[in-house]
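The values are calculated or read from the model by the stated rules, or taken from the named source; none is laboratory data. All values reported here derive from a predicted model rather than from experimental measurement. Note that we place each Cβ from the backbone using ideal geometry, even for glycine, and neighbour counts take in every protein chain shown. Accessible surface areas use protein heavy atoms only, side chains included; no ligands, DNA or RNA. Shrake-Rupley method; radii C 1.70, N 1.55, O 1.52, S 1.80 Å.
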Amino acid sequence: MLILSQLIPTPLCVFRIVTSWEVKSIGHPVVLPLKVCEELLQVMDESNSTLPASMRCMRSYEVSVQNMSSYPELQRRPLLT
Amino acid sequence: MDTLRAKETYSFHCQGCTTRLLEDRVFKRVLPLPNGNWNAIVDDWCCHPDPFANKKLLPRAEDCLLGDTFVLLARDSNCNQTLTEEVTSAGAADSQDTKKPCHRLALISCASCSLVLGEAVAQGTLKLYITQVVVRPAVGDGKLDASLNRSAFLERTVAARLLDLSNSLSSFHFSVQTPDGKVFLLLWVLNGDSIIAAVPEKSVGEESSISPLASLSPSLRATRALKLLYISCSNARASIQQRE
């Protein structure tokens with residue numbers, strides 16, 4: 001049986017994960033301007049808030065579902081190899 | 001997937017206001033840049049001193065260099081009318097962290113709507129982020145149809161980029177950082193082939209009354225989605241500091 005505290009990320013757990021990623025240099029760097037980082041977080045939080053409550057968190061992480069529907073601008077974007 | 005190609009003509013538009021920023025750019029060379037942190041492993045490959053130490057990879061006049069989240073281009077004379085430049089101190093706000101040097105960033109913004117587009121990384125070189133500009137082949141009048149929904153553009157652009165990177169690197173952990181190297185967000189790509197269907201709440205409530213034809217309407221179509229886990233570093237630090 002799952003205990004409720006396992007589903008809700010606590011600040012300490014989150015801090016431990018952040019520190020662990022930093023210490024082990026996990027994570028390919030994706031550099032964006034500060035304003036864009038904030039916008040991106042907002043987009044993810046909005047996506048998270050539309051999920052059913054039981055699906056919003058996974059261990060200490062929050063869950064986001066990013067729409068990738070066909071988008072004209074995407075097909076023509078300057079990306080990349 | 002379309003990519004920028006050499007010897008084709010492109011125009012660059014501001015994502016915020018669709019103003020054309022760079023007109024009729026033709027590149028002789030379009031080259032990918034090495035991935036982030038490439039400098040750190042040069043020592044493993046060279047038996048002599050690092051030949052790239054303290055050297056930036058910069059484009060020549062008709063080059064376009066492609067990074068993970070940006071393009072590097074040479075500045076031309078038209079840029080002075082469409083772009084503005086402002087020098088800021090990126091590390092100044094974080095006065096507690098005295099170990100890190102204060103980075104000076106020359107921010108490049110759209111002259112029409114002031115959206116930050118990128119940085120001037122060296123004299124005559126523009127770094128434009130893919131989330132801030134729209135690139136179109138320069139055909140017809142070259143105008144964009146309409147102003148694009150910002151959050152939808154950002155969501156789809158970043159999601160597609162994360163999926164590309166995770167496919168090419170076989171790495172599913174990403175740390176979203178600001179240009180001064182401060183980690184802002186940790187991302188873990190779980191699933192690139194999820195399918196989501198957005199159904200209006202009203203339709204769910206009246207499930208029994210939906211006709212088979214109504215279920216085929218565009219608003220009920222399933223779309224591809226990227227499922228990811230994330231942690232905001234700024235929120236985590238703030239929570240810990242509050243507790244202390």
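Under the condition of being within 12 Å of chain A (Cβ to nearest Cβ) and open to solvent by 40 Å² or more (accessible area, probe 1.4 Å), which residue from region B:4-20 is nearest to B:Leu154 (Cα to Cα)? Explain how you work it out, then say what you get.
Let us first name the residues in region B:4-20 that are within 12 Å of chain A (Cβ to nearest Cβ), namely B:4-5, B:8, B:10-13, B:15-16, B:18.
Next, from what is left, pick out any that are open to solvent by 40 Å² or more (accessible area, probe 1.4 Å): B:5, B:8.
Numbers: B:Arg5: 23, B:Glu8: 26 Å.
Across region B:4-20, the extreme among qualifying residues is B:Arg5.
Show the residue pairs that are 6+ apart or on different chains and have beta-carbon atoms under 7 Å apart, the first residue being within region B:158-184 and on the phi < 0 side of the Ramachandran plot, the second being among the hydroxyl-bearing types (Ser, Thr, Tyr) and not in a loop (DSSP other than H, G, I, E, B).
B:Phe172/B:Ser166; B:Val183/B:Ser175; B:Phe184/B:Ser234
Within region B:149-162, can you find the residues that are in a helix (DSSP H, G or I) and surrounded by fewer than 19 Cβ atoms within 10 Å (Cβ to Cβ)? Show your work before the answer.
Applying the first criterion (in a helix (DSSP H, G or I)) to region B:149-162 yields B:150-162.
Correct list: B:Arg150, B:Ser151, B:Ala152.
Inspect region B:94-104 for any residue being crowded, with 18+ Cβ neighbours inside 10 Å, at pLDDT below 90 and assigned by TED's automatic domain parsing to the domain that holds B:Leu31 and give the result as yes or no. Break it down into steps so the answer makes sense when it comes.
If we filter region B:94-104 for residues that are crowded, with 18+ Cβ neighbours inside 10 Å, which is where we start, we get none.
No - not one qualifying residue is present in region B:94-104.
Can you tell me which of B:Asp193, B:Asp180 is in a loop (DSSP other than H, G, I, E, B), touching a strand residue (DSSP E or B) at 6+ places or on another chain (Cβ under 9 Å) and modelled with pLDDT of 70 or more?
Numbers: B:Asp193 fails: in a loop (DSSP other than H, G, I, E, B).
Every option except B:Asp180 fails the conditions.
Every residue in region B:31-67 that is over 18 Å from B:Val121 (Cβ atoms) and aliphatic (A, V, I, L, M), please. Talk me through it step by step, then tell me what you get.
Our first condition is that a residue be over 18 Å from B:Val121 (Cβ atoms); within region B:31-67, this holds for B:40-51.
Matches in region B:31-67: B:Ala40, B:Ile41, B:Val42.
Which residues, taken from region B:24-35, are β-branched (Val, Ile, Thr) and surrounded by fewer than 16 Cβ atoms within 10 Å (Cβ to Cβ)?
First, the residues of region B:24-35 that are β-branched (Val, Ile, Thr): B:26, B:30.
Answer for region B:24-35, where residues must be β-branched (Val, Ile, Thr) and surrounded by fewer than 16 Cβ atoms within 10 Å (Cβ to Cβ): just B:Val26.
Conditions tested, residue by residue: (1) in a loop (DSSP other than H, G, I, E, B); (2) open to solvent by 80 Å² or more (accessible area, probe 1.4 Å).
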residue	(1), (2)
B:Leu22	no, no
B:Asn39	no, no
B:Asp44	no, yes
B:Leu58	yes, no
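Out of all the residues in region B:26-57, which are in contact (Cβ under 8 Å) with a residue 60 or more places away in the chain and more than 10 Å from chain A (Cβ to nearest Cβ)?
Residues of region B:26-57 that are in contact (Cβ under 8 Å) with a residue 60 or more places away in the chain, as a first pass: B:35, B:56.
Once the filter is applied, which keeps residues that are in contact (Cβ under 8 Å) with a residue 60 or more places away in the chain and more than 10 Å from chain A (Cβ to nearest Cβ), region B:26-57 yields only B:Lys56.
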